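A quick write-up on the structure given underneath.
The values are calculated or read from the model by the stated rules, or taken from the named source; none is laboratory data. Keep in mind that what you see is a predicted model, and the values were worked out from it rather than measured. Every residue, glycine as well, gets a Cβ built from its backbone with ideal geometry; the counts of neighbours run over all protein chains shown.
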Amino acid sequence: MSPHTLAFAAALVLAPLAASAQEWAFDPAHTSVAFKVNHLGFSDVTGFFREFEAEIAFNPDDLAATSVSFTVDAASVDTLWAARDEHLRSADFLDVANHPKISFVSSSVASTGDTTATVTGDLTIKGVTKEVTLDATLNQIGPNPFIPEQQVAGFTLIGEIDRTEFGIDFGAPVIGATLPLTINVELVQGG
């Protein structure tokens, strides 16, 4: 998430687990930021962002002290169709010439169960900032099978945003205004 955040974001729910003196580091090779948008009621188009950075301060003994700062390169949007991607980069949608970054900065992390939490923060798209809440799930934590001295924590965050709240209203509502988000994040410790 050095973001990611679109959280994005996410080393979030290890409060019941024992802490270690080592720090957790964001693993960009095993992190993804994906979204879906409905097309005229006929189908859903899936897209993702190829370039992002994150800074995650994670303390498994003090979940409330966890913080996430995630930055996405808006021009790295990819829906596997070049002409559509160019349109998404235009002023009709992300306006990457004037707003090259999408950012998420957490304001709170709250446990909701043994392996779940909510992550609330400010999401900025196209110069507009709105508070959003993502639901986080701890998928697994344990040693890397290939590097046993390295601990890995994997999380999935899900949520929805209404793109029209960020001034992106081209084609709405026939091109879906509500976009489901899925962010998968891995953190590594040691090794």
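Descriptive notes on the structure:
- From the list Thr71, Thr79, Thr46, Thr66, the one residue that fits, being farther than 23 Å from Gly176 by Cα, touching a strand residue (DSSP E or B) at 6+ places or on another chain (Cβ under 8 Å) and at pLDDT 95 or above, is Thr71.
- Flag if Lys130 is over 18 Å from Phe26 (Cα atoms), among the charged types (D, E, K, R) and surrounded by 15 or more Cβ atoms within 10 Å (Cβ to Cβ): no
- Only one of Thr156, Thr178 that is among the β-branched types (Val, Ile, Thr), modelled with pLDDT of 95 or more and farther than 23 Å from Ala65 by Cα: Thr178
- Of all positions in the range 103-119, at least one carries a residue that is in contact with a Pro (Cβ under 7 Å, 6 or more places away or on another chain) and hydrophobic (A, V, I, L, M, F, W, C).
- Checking the stated criteria, Ile141 turns out not to satisfy the condition of being of a type outside the set (Asp, Glu), more than 17 Å from Val33 (Cβ to Cβ), loosely packed, with under 14 Cβ neighbours inside 10 Å and modelled with pLDDT under 95.
- Out of Asp95, Asp114, sole residue that is in a loop (DSSP other than H, G, I, E, B), surrounded by 15 or more Cβ atoms within 10 Å (Cβ to Cβ) and not β-branched (Val, Ile, Thr): Asp95
- The lone exception for Ile168 - which of (1) touching a Phe, Trp or Tyr at 6+ places or on another chain (Cβ under 7 Å); (2) assigned to a strand (DSSP E or B); (3) of a type outside the set (Asp, Glu) it fails: (2)
- Residues that are under 21 Å from Asp61 (Cβ atoms) and among the polar types (S, T, N, Q) were ranked within the range 98-111; the one that is surrounded by the most Cβ atoms within 10 Å (Cβ to Cβ) is Ser106.
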